[in-house]
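**Q** The structure under discussion is supplied below as structure tokens; questions concerning it will follow.
The values are calculated or read from the model by the stated rules, or taken from the named source; none is laboratory data. As the structure is a prediction and not an experimental result, all values here were calculated from the model. Positions of Cβ are backbone-derived with ideal geometry, glycine not excepted, and every protein chain shown enters the neighbour counts. For accessibility, only protein heavy atoms count, side chains too; no ligands or nucleic acids. Shrake-Rupley method; radii C 1.70, N 1.55, O 1.52, S 1.80 Å.
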Amino acid sequence: METENNQEIKSNKQYHPQMHSAEHILNQTMVRMFNCGRSFSNHIEKKKSKCDYHFSRNLTSEEIKEIELNVNQVIKQNLTVSEEFYSKEDAKMTFNLSKLPDDAGDKIRIIRIGDYDACPCSGLHVSSTNEIGTFKIISTDHNEGVLRVRFKLL
Ligand SMILES: [Zn+2]
């Protein structure tokens, strides 16, 4: 499983802010459409990326189209991506901090994408969503309770 701490990002030469920012929007879109959690595991690369979700079934082609439409609508709104810092105590009230390393420190960095998404993250992001390009799902599959979504940017 990949985590989003700085050490891992620096060691991953494939790391890509556009792809990673698209991942934030995809996660929020999945939460809103299906009430599932954000991806628990992912692999982000320049050419194509994948996100895994705890999910009971595969997606229909209609759902895939709807996800693409929703993600691209968010991208096209040209939302500002900003960072805020919270104390760990305050951040705990609003955000799921379970993915943060224990030594994350007392200041928690929250990445906000307009009013669409906010989540703790130490990664690299675009400054505004129109830098991401067009989001396209390559394929999905479902295995033993895990939905894998593969996507690219055009
Ligand atoms: Zn991030």
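**Q** Could you check the spin-label model distance between Arg150 and Ser82? Points 7 Å from the Cα along Cα→Cβ, value in nm.
**A** If labels sit at Arg150 and Ser82, their model points lie 3.8 nm apart.
**Q** Then there is this: Could you calculate the contour length gain from Thr94 to Lys47, that is, 0.36 nm times the residue separation minus the distance between their Cα atoms, to one decimal place in nm?
**A** 13.6 nm
**Q** To continue, here is another question. Rounded to the nearest whole Å², what accessible area per residue is found for the range 27-154 with the 1.4 Å probe?
**A** For the range 27-154, the solvent-accessible area averages 57 Å² per residue.
**Q** Can you report the principal axis dimensions of the chain using only the alpha carbons, biggest first, rounded to whole angstrom?
**A** Over the chain, Cα extents along the principal axes are 43, 35, 31 Å.
**Q** Right, here's the next one. 222 nm [θ] for the chain, helices only, -39500 (n - 2.57) per DSSP H run of 4+, per residue, to 500?
**A** That calculation yields -9500 deg cm²/dmol at 222 nm.
**Q** At a 1.4 Å probe radius, carbon and sulfur cover how many percent of the accessible area of the chain?
**A** Carbon and sulfur together cover 48 percent of it.
**Q** Helix 17-34 versus the longest principal axis of the chain: what angle, 0 to 90°, nearest 10, using Cα atoms?
**A** Once rounded, the angle reads 70 degrees.
**Q** Size of the dipole of the chain about the Cα centre, Lys and Arg at +1 and Asp and Glu at -1 on the beta carbon, nothing else charged, in debye to 20?
**A** 500 debye
**Q** Quick one: length gained pulling Cys36 to Leu69 fully straight, 0.36 nm per residue minus the C-alpha distance?
**A** Full extension from Cys36 to Leu69 adds 10.0 nm.
**Q** Report, to the nearest 10°, how far helix 61-76 tilts away from the longest principal axis of the Cα atoms in the chain, using its own Cα long axis and a range of 0 to 90°.
**A** With both axes taken from Cα atoms, the answer is about 50 degrees.
**Q** Once you have the alpha carbon radius of gyration of the range 26-114, what is it after dividing by 2.2 N^0.38 Å, with N set to its residue count?
**A** Dividing the Cα Rg of the range 26-114 by 2.2 N^0.38 Å gives 1.25.
**Q** Same structure, new question: Relative contact order of the chain: what whole-number percent is it, with Cα pairs under 8 angstrom and at least 6 residues apart?
**A** RCO, the chain: 32 percent.
**Q** Grab the Cα-Cα distance for Asn58 and Lys107, subtract it from 0.36 nm times how many residues apart they are, and report the gain in nm with one decimal.
**A** Here the answer is 13.8 nm.
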